[in-house]
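Read the structure below first, then the notes.
The values are calculated or read from the model by the stated rules, or taken from the named source; none is laboratory data. As the structure is a computational prediction, the values presented were derived from the model and not from experiment. Using ideal geometry, Cβ is built from the backbone for each residue, glycine included, and neighbour counts are taken over all protein chains shown.
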Amino acid sequence: MATKRRGALPSVVIAGRPNVGKSTLFNRITRSRKAIVTITPGTTRDLVAEDAEWCGVNFRLVDSGGMFGASDDPLELKVLERGQLGIDSADVIVFVVDAREGLVPPDQAVADLVRKVGVPVVVAVNKLDDRRARNRGLEFFQLGFDLVIEVSAEHGTGTGDLLDVIVRLLHDKHPSGTSLGGSGVKRTDEPKETAVAIVGRPNVGKSSLVNRLLREERVMVSDRPGTTRDAVDELLVWRGRHFRLVDTAGIRRPGRVAKGGKIESVSVVVSKRAIERADVAVLLIDAQEGVTDQDAAIVGAADKAGCGVIVAVNKWDLMKGIGEEGVREFDELAKRQIKFMDYAPFLHISALTGERLPRLLEAIDRVSEARQHRISTGELNRFFQEVTAAHPPVSPDRREVRILYSVQSAVAPPTFVCFTNVATRFHFSYVRFLTNRLRDAFGYEGSPIRLHVRRRQK
């Protein structure tokens, strides 16, 4: 499984100590809400990236976790390690400081780190909108960098000036423009990417799976539940197909999320947003725990969002001793608990050993294609004529219902409209019958199907 980084665009990395406004600046520049923003220091832990553009120049903007001082906390050390990895790969570093607090010793420590990288550094003096920050921008020249820009990430003040400087530095580093997406214009001939959300409860192995597929540690892994907070995406190229893997925060039951505080609540919102934007959602299940009610709720959210679904039972390497009968019983019980998702591929995998991961990628490819499949109108109407002739629909008031004609109105997910002779609706069991027949006839593996009934207008 060959992997590939997004190499077409240069990298601009936002660095700084905790709570100086890095994620707010990231969201402002990318015009997104991808990075989680709270008042709690250390909210961002991993590298969060998104494409950005200014004046026709495209680049990859990376938000890094806050750089702590000395710490014995293994998780904080991992955050620092990930931040260092980000700045080491940067073409330009945006060093964010807090004007309200003024220059403090931790800023100098971060300055020493970014200076060693040897790439251009822009100091973004943030929170200049606060009256307490007035006339404090000049003191940050003491850090030893020539480029100091005053900004307010929250209100957007000065961000245009900051972006002007970033673009100039990128042009200075790549005068030909070839690394800027082709003379400063983002390439339009890049292969289509399939967005794949890796979802599930905490500690089922989502980050480990992403790292295993990419064959390197690109997202943070820890035994501590809730390590992943942001939706972190990475590009995987496999057999010429481009998959955008999105590692999401673990989704617990609403009651436990509420007890986890604001950060966890926002993380869950970000995870659900990743599901809504995904082409395919891979629900990861812990083999030792089996399918839980929360797993069913997560996969139900994916079905509702209209993305393709694959159920992958992780840590299968720990289940080797159960025998064929044990495997059969496990699968029967698991599928019974999510029987409404019987259309989704069901796989046993191991992120630790790599077992059956090629099959997982093959399933992602099939499901992605199935969501895009379109049936011709003629073929679709012949199908409904045959099916309804053998099993005719009946309205709730027992009136005779005839499907006069049908059309496929959309793909991703496949959506069909049946026009009938009377105003009615089909019983959910009959809708399920029709969707099952559609799958039997045309595939649609792993893809939800939407079926609407409308009375034909005279």
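Quick notes on this structure:
Every residue, every condition in (1) hydrophobic (A, V, I, L, M, F, W, C); (2) not in a loop (DSSP other than H, G, I, E, B), yes or no:
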residue	(1), (2)
Ser350	no, no
Ala363	yes, yes
Ser368	no, yes
Thr388	no, yes
Leu404	yes, yes
Phe426	yes, no
Tyr430	no, yes
Glu445	no, no
Val453	yes, yes
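- Of residues in the stretch 370-386 being in a helix (DSSP H, G or I) and small (Gly, Ala, Ser), the one nearest to Trp238 (Cα to Cα): Ala370
- Qualifying positions in the stretch 369-397 - surrounded by fewer than 16 Cβ atoms within 10 Å (Cβ to Cβ) and small (Gly, Ala, Ser): Ser376, Gly378, Ala389, Ala390
- Taken over the stretch 95-126, the criterion of being among the aliphatic types (A, V, I, L, M), under 23 Å from Ile166 (Cβ atoms) and in a loop (DSSP other than H, G, I, E, B) is satisfied by Ala99, Leu103, Val117, Val119.
- Filtered by the rule that a residue be assigned to a helix (DSSP H, G or I) and within 18 Å of Val210 (Cα to Cα), the stretch 317-348 gives a lone residue, Asp317.
- Residue within the stretch 351-367 that is free of Cβ contacts under 8 Å to residues at least 12 places away in the same chain and assigned by TED's automatic domain parsing to the domain that holds Ser207 present: yes
- Considering Lys335, Lys304, the condition of being out of contact with any strand residue (DSSP E or B) (no Cβ under 9 Å at 6 or more places or on another chain) and not small (Gly, Ala, Ser) is satisfied by Lys304 alone.
- Pair list, Cβ under 7 Å, 6 or more apart: the stretch 157-185 residue at pLDDT 75 or above, other residue basic (Lys, Arg): Thr159/Arg28
- Of the residues Glu369, Glu386, the single one that is under 30 Å from Ala334 (Cα atoms) and not aliphatic (A, V, I, L, M) is Glu369.
- Test: residue in the stretch 289-302 that is in a loop (DSSP other than H, G, I, E, B), surrounded by 24 or more Cβ atoms within 10 Å (Cβ to Cβ) and within 16 Å of the chain's Cα centre (by Cα): no
- Total residues in the stretch 309-329, condition touching a residue at least 12 places away in the same chain (Cβ under 8 Å) and in contact with a Phe, Trp or Tyr (Cβ under 9 Å, 6 or more places away or on another chain): 6
- Leu451 under 24 Å from Ala302 (Cβ atoms), surrounded by 14 or more Cβ atoms within 10 Å (Cβ to Cβ) and either more than 34 Å from the chain's Cα centre (by Cα) or among the aliphatic types (A, V, I, L, M) (or both): yes
- Residues of the stretch 322-353 classified as touching a Lys or Arg at 6+ places or on another chain (Cβ under 9 Å) and surrounded by 15 or more Cβ atoms within 10 Å (Cβ to Cβ), total: 10
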